[in-house]
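Remarks on the structure that follows.
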Amino acid sequence: MKKFFQEFKAFALKGNVLDMAIGVIIAGAFQNIVTALTENIINPIIGLLFQMDFSAVVIRLTPNVSLNIGAFISAIINFLLMALVLFCIVKAITKVSEKAKKKEEEEAAAAPAGPTTEELLTQILEEIKKKQ
């Protein structure tokens with residue numbers, strides 16, 4: 001049982017899992033903002049075309065059956081806006097991580113290169129030969 005908890009701890013504390021959790025929390029927060037934007041700004045503007053609340057636009061097929069086309073289109077608008085926001089966030093994070101990686105590579109390239117394993121082994125062999 002102890003091993004199970006150790007494995008779980010190692011999994012839960014990995015960087016990518018924490019990043020994913022943060023992403024889910026941020027996405028939830030943005031979802032509220034995007035929903036408010038769609039319901040309070042975009043739908044009323046589109047509703048001007050229909051002279052009514054856009055999310056209430058309904059196509060009646062029969063007296064008992066109707067298609068809530070306005071609510072469906074509002075959900076599509078929400079999805080597209082969320083996708084756009086998440087795309088921008090991921091793009092910004094990727095750009096920052098690429099800059100950091102490039103900086104690390106430049107620093108590694110600027111550092112003096114040490115002797116290779118073969119060179120070290122050759123030096124050790126020469127020292128051994130000198131001592132004999």
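Just so you know, all these numbers are worked out from the coordinates, no wet-lab data involved. As the structure is a prediction and not an experimental result, all values here were calculated from the model. Neighbour counts are summed over all protein chains in view; Cβ atoms, including those assigned to glycine, are modelled from backbone coordinates with ideal geometry.
Return a whole-number percent for the relative contact order of the stretch 2-131, with Cα pairs under 8 Å and 6 or more residues apart as the contact set.
Relative contact order comes out at 16 percent.
Given 37 °C and 0.692 mPa s, compute D for the stretch 2-131 with the Stokes-Einstein relation, Rh being the Kirkwood radius over Cα pairs; round to the nearest whole µm²/s.
Taking Rh from Cα pairs, D becomes 156 µm²/s.
Taking H placed 1.01 Å from N in the peptide plane, check which residues at least 5 places from Val57 or on another chain put their amide H under 5 Å from its amide H.
Hits under the 5 Å cutoff: Gly70, Ala71.
Could you work out how much longer the chain between Val24 and Asn68 gets when fully extended? Use 0.36 nm per residue separation minus the Cα distance between them, nm to one decimal.
Going from the current span to full extension adds 12.9 nm.
What does the charge dipole of the chain about its Cα centre add up to, to the nearest 20 debye, if the Cβ of each Lys and Arg holds +1 and the Cβ of each Asp and Glu holds -1?
So the dipole magnitude of the chain works out to roughly 340 debye.
Work out from phi, with θ = phi - 60° and the Karplus expression 6.51 cos²θ - 1.76 cosθ + 1.60, the ³J(HN,Hα) of each residue of the stretch 119-132, listed in order in whole Hz, and give x for Gly and Pro.
Residue by residue, the stretch 119-132 yields 5, 5, 5, 5, 4, 4, 4, 5, 5, 5, 5, 5, 6, 7 Hz.
Straight-line reach from Lys3: which lysines fall under 29 Å, measuring Cα to Cα and dropping same-chain residues less than 8 apart?
Hits, sequence-local ones excluded: Lys14.
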